[in-house]
Each structure stands twice: as C-alpha cells, then as structure tokens.
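Here the structure comes first, spelled out in structure tokens, and everything after it is commentary.
Rule-based calculations on the coordinates, nothing more; no lab input. Bear in mind that the values here come from a model prediction, so they are computed numbers and not experimental data. Every residue, glycine as well, gets a Cβ built from its backbone with ideal geometry; the counts of neighbours run over all protein chains shown.
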Amino acid sequence: MSEAFPDSSQMQQWHQGIEMADRNNIFCHCRICSYEWVDSMTDAVCSQCGSKDVEHISCWQFPDD
Ligand SMILES: [Zn+2]
C-alpha cells in the first residue's frame, strides 16, 4: 500500500548544499603566473600578480581535458 517516496525536503537540502559548496569552492587559475587557489567568488583577482586574467572552475565541474 504505502510506497517509499524519497523525502523531497531532504533532496532540496542536498541541492542547496551543492550550491553552497559551489559558491565557496571556485577553483581559480591565473593565466599569467599559473597561481592556483580556491575562492568564493568568480571575479577574484590573482593575489600573486594582481592579474584579472583568471580562469574560474567550479570544483565539481572540472573539464575532462
Ligand atoms: Zn597571477
């Protein structure tokens, strides 16, 4: 009679957790000096050379190559 549906509120919490993690774990790579760090914003400036030519990659979204 009663089927086990997944708890939708738990699912939502899980989704929000992913979004939070994404927000606070943006992998940054400076194209000028190759410095790499993790930041919480996508407009971060390289702290080593001050360049804004920075590549931003969400930690769970690394490209294959
Ligand atoms: Zn740099």
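Tabulated data for the structure shown
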{"read-out": "Order of Glu55, Glu36 - criterion: other Cβ atoms within 10 Å of each residue's Cβ, fewest first", "value": "Glu55, Glu36"}
{"read-out": "Extension gain from Ser9 to Met41, taking 0.36 nm per residue of separation minus the Cα-Cα distance", "value": "8.8 nm"}
{"read-out": "Residues with amide H under 5 Å from that of Tyr35, placed H, sequence gap 5 or more", "value": "Cys30"}
{"read-out": "Net dipole in debye of segment 10-58 [+1 Lys, Arg Cβ; -1 Asp, Glu Cβ; about Cα centre; nearest 20]", "value": "40 debye"}
